[in-house]
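The values are calculated or read from the model by the stated rules, or taken from the named source; none is laboratory data. What you see is a predicted model, and the numbers here were worked out from it, not measured in a lab. Cβ sites come from the backbone with ideal geometry, for glycine too, and all protein chains shown count toward neighbours.
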Amino acid sequence: MSKAAKSGDAPARKGGKLPLIIGLVVLLAGAGGGYFWWSKQQAVKAAESPGTGGHGEKGSNSDDHEESAAHDEAEASADGHGVLLPLDTFTVNLADTEATRFLRTNVQLVLAVDEEVLKELEHEKVPIVRARAAVLELLAEQKSDVINTPEGKEALKKAISARAGKALHHKVSDVLFSDFVIQF
């Protein structure tokens, strides 16, 4: 009789795990859906808030969109915003004489141009390679104790902006470091 009781309990245990697994799947799906809804609501709020550049208008036709795009490009040039030109990662030996030190940084330039000019630059390739070479030479001239300070990084940004702008023949409105690691 004990064998019959044991065989009768086994299917009940398997059936007991299935609702638990289904419940967990439903719970995770609900949490994911809730997070998706919340993030969309936050994006809508950010787009509608003043000063973020969001227009908050819906249902515009293509003529309005073209006028808006032209207006946005004009604003981008005037406000210092523009298109992003990544120059990828640089790894250089610094000019320190007391020890060998390295800098690894990822540089991105904000150009005060429109998307068409950026596409032309990317198609030509030579100006971007010249800008990258100019930035590489500039970085290799730096000393770790100078660029490790906020003031040094700001001065480096200005120097990169000037050299890269000269190589690209376009105004660089900002220089962004997405990482900046000095090996000591």
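Computed quantities for the displayed model
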{"item": "Qualifying residue in region 97-114 (condition: in a helix (DSSP H, G or I) and within 20 Å of VAL83 (Cα to Cα))", "result": "no"}
{"item": "Scan of region 118-151 for residues that are surrounded by fewer than 17 Cβ atoms within 10 Å (Cβ to Cβ), within 23 Å of the chain's Cα centre (by Cα) and under 21 Å from THR97 (Cα atoms), ordered by number", "result": "LEU136, ASN148"}
{"item": "Test: residue in region 140-149 that is among the charged types (D, E, K, R) and either in a helix (DSSP H, G or I) or not assigned by TED's automatic domain parsing to the domain that holds ALA95 (or both)", "result": "yes"}
{"item": "Residues satisfying the stated conditions in region 156-165, i.e. farther than 9 Å from LEU109 by Cα and out of contact with any helix residue (DSSP H, G or I) (no Cβ under 7 Å at 6 or more places or on another chain)", "result": "LYS157, LYS158, ALA162, GLY165"}
